[in-house]
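The values are calculated or read from the model by the stated rules, or taken from the named source; none is laboratory data. Values in this document were obtained by computation on a predicted structure and should not be read as measured data. As a convention, Cβ positions derive from the backbone with ideal geometry for all residues, glycine included, and neighbour counts pool all protein chains shown.
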Amino acid sequence: MAVRVRNYSEKVQSAKNVAFAGMADVADGTGGWQPASTVARSSLHLLPLNLSLFIARRYMAAQKGGFSSFIIRLAIVATSLSVAVMIMALAVVSGFKEAISDKLFSFMGHVQVRTYNQTGAENIGFSEPIYADPELKKQLQGLEHVQNVAPFIIRPAIAQANSLLEGVQLKGVDNSYRFGEGIKSEGAISFSDSDYSKDIVLSRTMANRMNVKQGDTVQVNFFTGGDMPVRIRRLRVAGLYHSGMEEMDKTYALCDIRLLQRIAGWTADSINGFQLTLDNATQANDVAANIHFNLIEPPMAVYTTVETVQFIFDWLAFQGVNSTVLIIIMTIVAVINLGAALLILIVDRAPMIGLLKALGMPYDSMRNIFLGISGIVAGLGILFGNILALGMCFLQLNYGIIKLPEASYYMQYAPIKVIWWQVLAVDAGTLVLCVFCMWLPTLYIRRVQPARVLQFR
């Protein structure tokens, strides 16, 4: 006679009766009796919920002490640390790339239009001038994503103060030039309509090496060749800037573009090139291609800042490789820790596995119990790992806990940039990979024999 179960509570109680009754017969509710194994199979199949997940959740909730509880907590901690390290590694590398790029783009712009140079470098102090065509500047300003177009001239010189000499690349700019957010600055050049300004903006590094401060005067020596090989100008230090990038801080200074035009003997419409600042750095190649094919002709050429200082961006790309290797290592650590913990739990719960086999539960359902446990452990580890990583990122952003040697890393504090899709990718990837890789430890379930583990003493 078929078993009749009226509602959910009776189904659950029926399953409990089977679990506690072992191999005894169970009343079927109609006055008859059914073998325990028959009732067990019926009860397990009639439960209107995922029995494997139900057992996994009950098992996790019941862990309040003992060896199994310690193993589970250890697996959660290991997963949390692995996830936290992965998220923080991505945040630091992303922040590092953005901070360095912002410094370069703030000083050099994203795209430069200037005379052709085989190396692409910005060291163009003695190159032939180009015509500062107002129509070309208007066309450049009208391009999509272009925020600002500023003419510039670069000229080598020697700055002298307090009997100290410093080689410098003077960058002549007009009143349209602005430092970006990536560079800290104080003071600025005072431009006038009548004549060139006698102001200069030095880097803090250069000012410290010459023992000058804002408001002091420095002598600048220009080498022009010809009848007057050296031309001297005394300029007032109107401002200071600090990028943190040694190559930039020890090399460049700013002055009025008209001063360099006068020193070089150029006309007012002669420049070295135009510097373009974009609203999106990722559009630099598209803007450069548009300019190259549609707006300029030889000997003019267009370069992106990435091409100009390729070695720095190659170094940044290498940092991304380091973070990828670290993520792979942390993922392997998380999977191994969780796999070892799951295998220990399976061995520890061998009597439960034997009982479920004796009650007729199929292998797939028993495997899903432990996959559910591994999923819960991985989920808790991911949750706590996110809390730990985002908390550390918050502290670093607000208090600068992790400091760096500026001479080596171009900044005083480790930069942080949390990209949320990266966080979600780490979370989803860790969860899926951990659960998927747990199939191998669950194969041990097949080796559990009820006759050996269910021995009454």
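Annotations
- The set of residues from the stretch 276-319 being of a type in the set (Gly, Ala, Ser) and loosely packed, with under 14 Cβ neighbours inside 10 Å comprises Ala289, Ala317.
- Any hit, the stretch 357-379, residues being among the aliphatic types (A, V, I, L, M), at pLDDT 85 or above and either exposed (fewer than 13 other Cβ atoms within 10 Å of the Cβ) or not assigned by TED's automatic domain parsing to the domain that holds Met60 (or both): no
- Matching residues in the stretch 154-184 - criterion: being of a type in the set (Ser, Thr, Tyr) and farther than 19 Å from Lys198 by Cβ: Ser163, Ser176
- Of the residues in the stretch 86-105, at least one is part of a helix (DSSP H, G or I), at pLDDT 50 or above, in contact with a strand residue (DSSP E or B) (Cβ under 9 Å, 6 or more places away or on another chain) and not hydroxyl-bearing (Ser, Thr, Tyr).
- Taking every residue in the stretch 403-424 that is under 15 Å from Met88 (Cβ atoms) and touching a residue at least 60 places away in the same chain (Cβ under 8 Å) and pairing it with any residue that is of a type in the set (Val, Ile, Thr) and assigned to a loop (DSSP other than H, G, I, E, B), at least 6 positions away or on another chain, the pairs with Cβ-Cβ distances below 7 Å are Ala414/Ile402.
- Leading residue by the ranking (surrounded by the fewest Cβ atoms within 10 Å (Cβ to Cβ)) among those in the stretch 123-162 that are closer than 16 Å to Arg233 by Cα and small (Gly, Ala, Ser): Ala161
- Test result for Ala428, within 18 Å of the chain's Cα centre (by Cα) and free of Cβ contacts under 8 Å to residues at least 24 places away in the same chain: yes
- Residues of the stretch 203-238 classified as part of a strand (DSSP E or B), touching an Asp or Glu at 6+ places or on another chain (Cβ under 6 Å) and not hydroxyl-bearing (Ser, Thr, Tyr), total: 3
- Listing of helices (runs of 4 or more DSSP H) fully contained in the stretch 257-349 that carry 2 or more residues being touching a helix residue (DSSP H, G or I) at 6+ places or on another chain (Cβ under 8 Å) and assigned by TED's automatic domain parsing to the domain that holds Lys417: 310-348
- Remark: pairs (first residue in the stretch 139-158, closer than 16 Å to Arg114 by Cβ; second residue β-branched (Val, Ile, Thr) and in a loop (DSSP other than H, G, I, E, B); Cβ separation under 8 Å; 6+ apart in sequence or on different chains) = Ile154/Ile124.
- Among the candidates Ile200, Ile189, residue that is aliphatic (A, V, I, L, M) and part of a strand (DSSP E or B): Ile200
- Pairing residues of the stretch 228-252 that are surrounded by 20 or more Cβ atoms within 10 Å (Cβ to Cβ) with residues that are part of a helix (DSSP H, G or I) and of a type in the set (Phe, Trp, Tyr), at Cβ distances under 9 Å and at least 6 apart in sequence or on separate chains, gives Tyr241/Phe107; Ser243/Phe107; Gly244/Tyr409; Met245/Phe107; Met248/Phe107; Tyr252/Phe107.
- Here the stretch 340-356 is the region considered, the condition is being surrounded by fewer than 19 Cβ atoms within 10 Å (Cβ to Cβ) and within 40 Å of the chain's Cα centre (by Cα), and the residue that is farthest from Val448 (Cα to Cα) is Ala340.
- For the stretch 35-83, a residue qualifies if it is of a type in the set (S, T, N, Q), crowded, with 19+ Cβ neighbours inside 10 Å and modelled with pLDDT under 75, and the qualifying residues are Ser42, Ser43.
- Test for Glu247: is it in a strand (DSSP E or B) and within 26 Å of Ala99 (Cα to Cα): no
- Test: residue in the stretch 425-444 that is assigned to a loop (DSSP other than H, G, I, E, B) and under 22 Å from Ala78 (Cα atoms): yes
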